[in-house]
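Notes for the one structure printed next.
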């Protein structure tokens, strides 16, 4: 296409690789960037540069931060005796937004999947077992409620032996309407009903 | 939030300003970038830097390119006597993808809108009239089929006086099903029917 120079074309192709952006929305994003040069294009270029230079993977827990051990692992106020195991950094972020957990995390880097060839060796399982040996009272398995997530949780539960292992509760999402929930969730919520 | 460092937080905020990305998808995009450092983060930072340094607005037509006049305006094989007026660079790109037009463009930079305070002075209207005076046989008004677009087209038609002015045809989109079309489009397609 003569009208789009190779620089813009390359920018569009790279933007289209981001999750949530297809070829069409990547073009719109590129145009928005080029129109808002001072308020968007320059700051984003700068921010990406800084991120590329500064962000590390925490060698202890697998979190992303500018330091390793990360801010959570080096925060003395957070209980090192409770480990919350998550599949992905995004899950860690989600739990931090909820602000409900004051222990430490362990990021597996995925979930077991025979289909995608994800074996225990490709996840941070060995590191988890090493950390648990250093004195952990409770391991919270906060995997996704998917087949892969639950398979991973069962696998870890077997490995962790007679330690205290817990998982997140299943039930009706806060704000959720029963009518829109799947049978599995409703059935789990019903079985786990509590006295008022 | 302690878990997300200020660098990542800033990256997410900037990504969320892109059209098509909300706060949630901006977080997913930031995470994808940080995970694919060599294949995505570094190249995108580089590409944005290049775009910021190299991309100009063509002083003749308003297109975006690394040169001004742009590649289209300086292409001797493209007919300078036919001008296609579009609202936005995205529309120019769309027409170039269709590959149907071999003349030159003029990008207005928007459409007239009393509601948004877009007056003719805020669009590249004066430059259009200057270009038309230099010898143009036909002006194609390729505005969007919206109220603002059509208002702009009528306004320009009045200004252009007795020159040959055309607009794009309205009708059934290729591949479109009648059942899903609005009454306005159907009515326009019906009135403009052609002999087979």
ask   = Pairs under 8 Å by beta carbon, first residue more than 13 Å from every other protein chain (Cβ to nearest Cβ) in region A:89-115, partner part of a strand (DSSP E or B), six or more apart or different chains?
value = A:106/A:83; A:106/A:84; A:106/A:85; A:106/A:86; A:108/A:85; A:108/A:86; A:111/A:118; A:112/A:118
query = Among the residues of region A:42-57, which ones are farther than 18 Å from residue B:51 by Cα, more than 7 Å from every other protein chain (Cβ to nearest Cβ) and part of a helix (DSSP H, G or I)?
reply = A:53
request  = Scan region B:139-177 for residues that are loosely packed, with under 14 Cβ neighbours inside 10 Å and touching a residue at least 60 places away in the same chain (Cβ under 8 Å) and report the count.
outcome  = 0
remark   = Restricted to region A:1-17 and to residues being under 21 Å from residue B:27 (Cβ atoms) and assigned to a helix (DSSP H, G or I), the residue farthest from the other protein chains (Cβ to nearest Cβ) is A:15
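Tell me which residues, restricted to region B:32-44, are free of Cβ contacts under 8 Å to residues at least 12 places away in the same chain and either surrounded by fewer than 22 Cβ atoms within 10 Å (Cβ to Cβ) or under 20 Å from the mean Cα position of the chain (by Cα) (or both).
Quick first cut of region B:32-44, residues free of Cβ contacts under 8 Å to residues at least 12 places away in the same chain only: B:32, B:35-44.
Result: B:32, B:35, B:36, B:37, B:38, B:39, B:40, B:42, B:43.
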message = All but one of (1) over 25 Å from residue A:11 (Cβ atoms); (2) modelled with pLDDT of 95 or more hold for residue A:41; state the number of the condition that does not hold.
response = (1)
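Here is a yes/no grid of residues against (1) closer than 19 Å to residue B:95 by Cβ; (2) within 7 Å of chain B (Cβ to nearest Cβ); (3) assigned to a loop (DSSP other than H, G, I, E, B); (4) touching a strand residue (DSSP E or B) at 6+ places or on another chain (Cβ under 7 Å):
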site	(1), (2), (3), (4)
A:19	no, yes, yes, no
A:28	yes, yes, no, no
A:34	yes, yes, no, yes
A:40	no, yes, no, no
remark   = Of the residues in region A:58-77, those that are more than 16 Å from the chain's Cα centre (by Cα) and within 9 Å of another protein chain (Cβ to nearest Cβ) come to A:66, A:67, A:71, A:75
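Residue-wise test of (1) closer than 27 Å to residue B:29 by Cβ; (2) touching a helix residue (DSSP H, G or I) at 6+ places or on another chain (Cβ under 8 Å); (3) buried (at least 20 other Cβ atoms within 10 Å of the Cβ).
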position: A:58; (1), (2), (3): yes, no, yes
position: A:68; (1), (2), (3): yes, no, no
position: A:81; (1), (2), (3): no, no, no
position: A:87; (1), (2), (3): yes, yes, yes
position: A:94; (1), (2), (3): yes, no, no
position: A:99; (1), (2), (3): yes, no, no
position: A:110; (1), (2), (3): yes, yes, no
position: A:117; (1), (2), (3): yes, no, no
position: A:130; (1), (2), (3): no, no, no
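The values are calculated or read from the model by the stated rules, or taken from the named source; none is laboratory data. As the structure is a prediction and not an experimental result, all values here were calculated from the model. So basically every Cβ, Gly included, is an ideal-geometry build from the backbone, and we count neighbours across all protein chains shown.
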